[in-house]
Amino acid sequence: MATQTQGTSSIEQRLRRVEDELAIQRILFDYSRYLDSRDWDGFVSLFAPDGEWANAEGSYKGREAIMAMLGGPNGGPAEPPKRVNYYHANSNWRIDLDGDRATCVSRYLFVLRREDRPVSALAGLYTDEFVRLDGVWKIQRRTAEELIPTHAEWEEIFLSKVRT
């Protein structure tokens, strides 16, 4: 029996909504997984061809620009020093669907692994726009808002830890 909150949606519509939310959650998981495993091609494939990644420092539109943003030679990131590794965690997703478009706000935590201990390096919010292209969800725009510490403070902290 349908509840009032389900309204007049059919079971097919409700199932489609659940499948869409799960597909978007998979992108959120894969985003962190690809970053942490340094799978740059996988990372970039999560974005629409004209997708965009942005933060307070700049905006990178299109897959080539996003790959170049990652740094390093030939558009791929340079490996960090062997004693530094990292881990991304995402949580508290709020996904809102609207046909072939969706938005999401989530929290992230970036942890650096040092020889002696893990260090929480950066925490903030992601604000996302998704689009369904040929039946597959992609990131249209991801905006990272660094909250603790600010981006400039994080760069100073991160660089000092890499140098020590």
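The values are calculated or read from the model by the stated rules, or taken from the named source; none is laboratory data. On a predicted model such as this, the values are computed, not experimentally measured, just so you know. Cβ coordinates were reconstructed from backbone atoms using ideal geometry, including for glycine residues, and neighbour counts include every protein chain displayed. Surface areas here come from the heavy atoms of the whole protein model, side chains and all, with no ligands, DNA or RNA. Shrake-Rupley method; radii C 1.70, N 1.55, O 1.52, S 1.80 Å.
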*Could the peptides 58-64, 114-120 be put in order, highest first, of the mean number of other beta-carbon atoms found within 10 Å of their residues?*
58-64, 114-120
*Check Tyr86: other-chain or 5+ apart residues with amide H under 5 Å from its amide H, H built from backbone geometry?*
Arg113
*Under the Karplus relation 6.51 cos²θ - 1.76 cosθ + 1.60, θ = phi - 60°, what is the ordered set of whole-Hz ³J(HN,Hα) values for the stretch 100-116, x standing for Gly and Pro?*
8, 10, 8, 10, 8, 10, 8, 9, 9, 9, 10, 10, 8, 9, 10, 4, 8
_Which order do the peptides 23-29, 8-14 come out in when sorted by mean C-beta neighbours inside 10 angstrom, highest first?_
23-29, 8-14
_Between Leu109 and Asp30, what's the calculated FRET efficiency when r is the beta-carbon distance and R0 is 22 Å? Round to 0.05._
0.80
_Per-pair calculated FRET efficiency, R0 = 45 Å: Thr150 and Arg17 via Cβ, rounded to 0.05_ = 0.75
_In whole percent, and with a 1.4 Å probe on the protein chains, what portion of the accessible area of the stretch 24-71 is carbon and sulfur?_
49
*Test item: Cα-centred dipole of the stretch 14-73, Lys/Arg +1 and Asp/Glu -1 on Cβ, debye*: 220
_Under a crude label model (7 Å from the Cα following the beta-carbon direction), how far is Ala89 from Ser37 in nanometres?_
2.1
*Taking amide hydrogens as modeled 1.01 Å from N in the peptide plane, which residues meet the under 5 Å criterion relative to Leu147, leaving out close sequence neighbours?*
Ala123, Gly124, Leu125
*Summed residue charge, Cβ within 14 Å of Leu147's Cβ, Lys/Arg positive, Asp/Glu negative*: -2
